[in-house]
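What follows is calculated from the coordinates using simple rules that are stated; it is not laboratory data. If you're wondering where the values come from, they're calculated on a predicted model, not measured in any experiment. Because the Cβ atoms are built from the backbone with ideal geometry, glycine has one as well, and the counts that use them run over all protein chains shown.
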Amino acid sequence: MSHSPVPPPVTVLGLGPMGQALAAAFLGAGHPTTVWNRTAGKAADLVVRGAVLAGTAAEAVAASPLVVVCVLDHDAVHAILGPAAGELAGRTLVNLTAVAPDRARATAAWAADLGADYLDGAIMVPTTLIGGPSSLVLYSGPGSVYERHRPALACLGGTAVHLGADPGRAAAHDVALLDLFWSTMSGIVHAFALASAEDISASDLAPYSKGIVSLLPDIIDEFADKIDRGDHSPDGSDLLSAATAMEHIIHTARGHGLDTGVLTAAHAVARRAVDAGRGSSSFALLAETIGGRPA
């Protein structure tokens, strides 16, 4: 009788909501899974499902050839792994902690000095989607290392994308996409505050807000093409009209005593390009203005 091979062991360091979801996905795919967290009680449900709770981070690292860390930030990664550094040689460290690109590169160099392979990853979905078809995780680091562990990482579900050998590339995608998300979220709450100041309920504004958001996918594609080609011809409206619209919003918001810091900063960038004689250009030009290139 033939038996299917047992999937290789995996260690998960950090058992916040995302770490627990990652460990559960590995367990669900049959990987012997060792877990560790500074608060041991967070492992209880995973232990019931078959995970092994290590007594120390070093014991957890020593238990598996593939070590996945997902904690709060860069400092927490090194606070946890520092005492376990002696166990990392010959293993692969996959850092799924949200970090800045330069810190991902620094951690990759640190791991290499210890004799460990390194992949950096950016999780682009909430915990509830981990292990399912809608999951999306971006990875960067040596292609050979990614290919070696791709079957194990695949159990995190959905789509996995390897972005190249630069260990900071996944984090670079992450921060850029989070920039888009949180800038948009800031605009949403400011719009609701402005509407409320004019006695418009959030529920009344919401359907029209969704109409505005529905325009964004086409705008993203159009702007991406323009920016990559360096084409800043106007696209139905121009920077001067955009800056003028921003002024109306700022005037109204200030009249109600609302904080206008975010939009004032955005208006200043647009106004800088207009004052440089580029008022007839596309709003996409501001990607260059923000980058410090001459308007």
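From the P(r) of the chain, can you give the percent of Cα pairs sitting at distances over 34 Å? Taking all Cα-Cα pairs of the chain, the fraction more than 34 Å apart is 39 percent. With the biggest extent put first, the Cα atoms of the stretch 220-295 measure 41, 25, 21 Å across the principal axes.
Applying a 10 Å radius around every beta-carbon, put 5-14, 83-92 in order of their mean neighbour count, most first. Write out the running numbers ahead of the final one.
Numbers: 5-14: 20.7, 83-92: 16.5.
By packing density, highest mean first, the sequence is 5-14, 83-92.
What nm distance separates the two modelled labels at Thr252 and Phe181, each placed 7 Å from Cα along Cα→Cβ? With each label point 7 Å from Cα toward Cβ, the separation is 2.9 nm.
The stretch 107-158 and the stretch 186-244 have Cα centres spaced 34 Å apart.
What is the magnitude of the charge dipole of the stretch 173-290 about its Cα centre, with +1 placed on the Cβ of each Lys and Arg, -1 on the Cβ of each Asp and Glu, and no other charges, expressed in debye to the nearest 20? Provide the component values of the computation, followed by the final result.
Details: 7 positive and 17 negative charges, 64 e Å.
For this selection, approximately 300 debye.
For the chain, the residue among His232, Met124, Leu88 whose Cα projects farthest onto the positive side of the dipole built from Cβ charges is Leu88. Given +1 at the Cβ of Lys and Arg, -1 at the Cβ of Asp and Glu and no other charges, the dipole of the stretch 84-229 around its Cα centre is 480 debye to the nearest 20.
Amide H to amide H, with H built 1.01 Å from N, Val125 comes under 5 Å of Leu136, counting only residues 5 or more places away or on other chains.
With 0.36 nm allotted per residue and the present C-alpha distance subtracted, the Leu72-Ser196 stretch has 41.1 nm of extension available. For the stretch 119-130, the Karplus equation 6.51 cos²θ - 1.76 cosθ + 1.60, evaluated at θ = phi - 60°, returns couplings of 10, 9, x, 10, 8, 9, 9, x, 4, 5, 9, 4 Hz by residue, with Gly and Pro reported as x. The label-point distance for Ala276 and Ser134, in a model that sets each label 7 Å from Cα toward Cβ, rounds to 4.1 nm. Computed from backbone phi, the HN-Hα couplings of the stretch 50-58 come to x, 5, 9, 8, 7, x, 9, 5, 5 Hz, rounded to whole numbers (Karplus: 6.51 cos²θ - 1.76 cosθ + 1.60, θ = phi - 60°; Gly and Pro given as x). Normalised by 2.2 N^0.38 Å, with N the number of residues, the alpha-carbon radius of gyration of the stretch 71-202 equals 1.29. Charge tally around Ala98: other residues with Cβ under 9 Å, Lys/Arg +1 each, Asp/Glu -1 each, net -2. Taking other residues whose beta carbon is less than 13 angstrom from the beta carbon of Ala197, and scoring Lys, Arg as +1 and Asp, Glu as -1, yields -2. Can you give the FRET efficiency to the nearest 0.05 for Ala109 and Val213, using r as the Cβ-Cβ distance and R₀ = 35 Å? The calculated FRET efficiency here is 0.30. Along the stretch 87-93 the Karplus relation, 6.51 cos²θ - 1.76 cosθ + 1.60 evaluated at θ = phi - 60°, assigns HN-Hα couplings of 9, 7, 4, x, 10, 10, 9 Hz to successive residues, with x for each Gly and Pro. Working ranking of peptides 29-39, 260-270 by packing, defined as the average number of other Cβ atoms within 10 Å per residue, highest first, is 29-39, 260-270. Modelled spin labels at Ala44 and Ala154, positioned 7 Å past Cα toward Cβ, are 3.6 nm from each other. Our estimate of slack between Asp204 and Glu59, defined as 0.36 nm per intervening residue step minus the Cα-Cα distance, is 46.6 nm.
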